[in-house]
Amino acid sequence: MNRRYRKTVIAGNWKMNMTATETKKFAEDIRKHLEARPKWCETLICVPACNISTAMKAFKDLRISVGAENVYFEEKGAYTGEVSADMLKDLGVKYVIIGHSERRQYFCETDSTVNKKVHAVLNAGMNPIICVGESLEQRETGITSEWIALQVKSALFGVPADKLRRCIIAYEPIWAIGTGKTATAEQAGEVCSEIRATIRALYGARVARSVTIQYGGSMNEKNAEELLAQPDIDGGLIGGAALVPEKFVAIINAANQE
Ligand code: 13P
């Protein structure tokens, strides 16, 4: 983390978990565990679209913002089942996850649709959390750096520097997601540094140092502190551990140290 230049952001990604009723219960439970409201880091949970309003009300006085897990890039029209950026914005959403590997894998999301979604979210005045990450096969073949650089460049294509400050990049190695197999702090830190170097080459040093880069992939209450100690890891995108109030609070506490 480097709080001098950029904000630390701890974000939960609930994926397709939690009903509205369970969301309210989670808020009651987490209230018991949160000793002080997070001061040094921004905290949010991205929830299924149908639970955004419930979560907004339930988390209101916890200083936990509510984010979305996906968005469609068209403004409006005949796209049955999709949710637009304006619809999310109107609910009070500030952050939207884009290009999660599960969406790329199961829902045919490509670098091109990711880029369109990034523009849609930025144009609506919200902040995209752009996910990038390599598969185990890509890592073992030795193409992680090139792969990630390409994903970052494609996602940011056409994004001007003043809007880049609102983007978060989440490095999520696919082999570490939901597997309990975390990247070592060094592995994660190295790729996050490379992501910053890619941004630096595109936008210059001043802009690059202001961008928040998160790590995601089996981040939990035990490994958070070590991961967050890496200079280019400015937060986490947390799946499984964000469903358990005490674990999520422990990660917030790790990021919230003065
Ligand atoms: P896990 O923390 O469950 O590995 O999930 C990470 C993730 O995919 C967050 O977006």
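The values are calculated or read from the model by the stated rules, or taken from the named source; none is laboratory data. These numbers were taken from a predicted model, which means no experiment stands behind them. So basically every Cβ, Gly included, is an ideal-geometry build from the backbone, and we count neighbours across all protein chains shown. Note: areas computed on protein heavy atoms with side chains; ligands, DNA, RNA excluded. Shrake-Rupley method; radii C 1.70, N 1.55, O 1.52, S 1.80 Å.
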Handout entry: In the range 191-213, the residues that are more than 17 Å from Thr144 (Cβ to Cβ) and touching a strand residue (DSSP E or B) at 6+ places or on another chain (Cβ under 6 Å)
Key = Thr212
Handout entry: Top-ranked residue of the range 91-115 - restricted to ones that are open to solvent by 10 Å² or more (accessible area, probe 1.4 Å), in contact (Cβ under 8 Å) with a residue 12 or more places away in the chain and hydroxyl-bearing (Ser, Thr, Tyr), ranked as nearest to Glu69 (Cα to Cα)
Key = Ser101
Exercise for the section: Please find, within the range 34-90, the residue that is nearest to Lys7 (Cα to Cα) out of those that are modelled with pLDDT under 95 and among the basic types (Lys, Arg). Expected result: Lys39
Exercise for the section: Scan the range 209-218 and give yes if some residue there is basic (Lys, Arg) and without any contact (Cβ under 8 Å) to a residue 60 or more places away in the chain, otherwise no. Expected result: no
Problem - Among the candidates Val132, Val118, residue that is within 25 Å of Ser65 (Cα to Cα) and more than 16 Å from the ligand (Cβ to nearest atom) - result: Val118
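With the requirement that a residue be closer than 22 Å to Pro128 by Cβ and of a type outside the set (A, V, I, L, M, F, W, C), what does the range 179-201 give you?
As a first pass, look at the range 179-201 and keep what is closer than 22 Å to Pro128 by Cβ: 188, 191-201.
Listed by number, the residues that qualify are Ser193, Glu194, Arg196, Thr198, Arg200.
Would you confirm, using the coordinates I've provided, whether Glu109 is within 14 Å of the ligand (Cβ to nearest atom) and either over 18 Å from Ala170 (Cα atoms) or modelled with pLDDT of 95 or more (or both)? Reasoning before the result, please.
On the way: within 14 Å of the ligand (Cβ to nearest atom): yes; either over 18 Å from Ala170 (Cα atoms) or modelled with pLDDT of 95 or more (or both): yes.
Yes: the conditions hold for Glu109.
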Exercise for the section: Sort out which residues of the range 9-33 are crowded, with 19+ Cβ neighbours inside 10 Å, closer than 12 Å to Phe248 by Cβ and touching a residue at least 60 places away in the same chain (Cβ under 8 Å), and write them in order of number. Expected result: Ile10, Ala11, Gly12, Asn13, Trp14, Phe26, Ile30
Fill in the blank from the handout: A careful count of residues in the range 175-195 that are within 22 Å of Ser154 (Cα to Cα) and open to solvent by less than 10 Å² (accessible area, probe 1.4 Å) gives 5
Practice task
State yes or no: is Phe157 farther than 23 Å from Met219 by Cβ and within 16 Å of the ligand (Cβ to nearest atom)?
Solution key: no
Exercise for the section: Identify all residues within the range 125-174 that are surrounded by 20 or more Cβ atoms within 10 Å (Cβ to Cβ) and in a loop (DSSP other than H, G, I, E, B); write none if there are none. Expected result: Met126, Gly133, Glu134, Leu156, Cys167, Glu172, Pro173
Handout entry: Per-region count, the range 160-181, residues out of contact with any strand residue (DSSP E or B) (no Cβ under 9 Å at 6 or more places or on another chain) and either within 16 Å of the ligand (Cβ to nearest atom) or touching a residue at least 24 places away in the same chain (Cβ under 8 Å) (or both)
Key = 10
Exercise for the section: Please report, ordered by residue number, the helices (runs of 4 or more DSSP H) entirely within the range 197-258 with at least 3 residues that are within 15 Å of the ligand (Cβ to nearest atom). Expected result: 224-228, 245-255
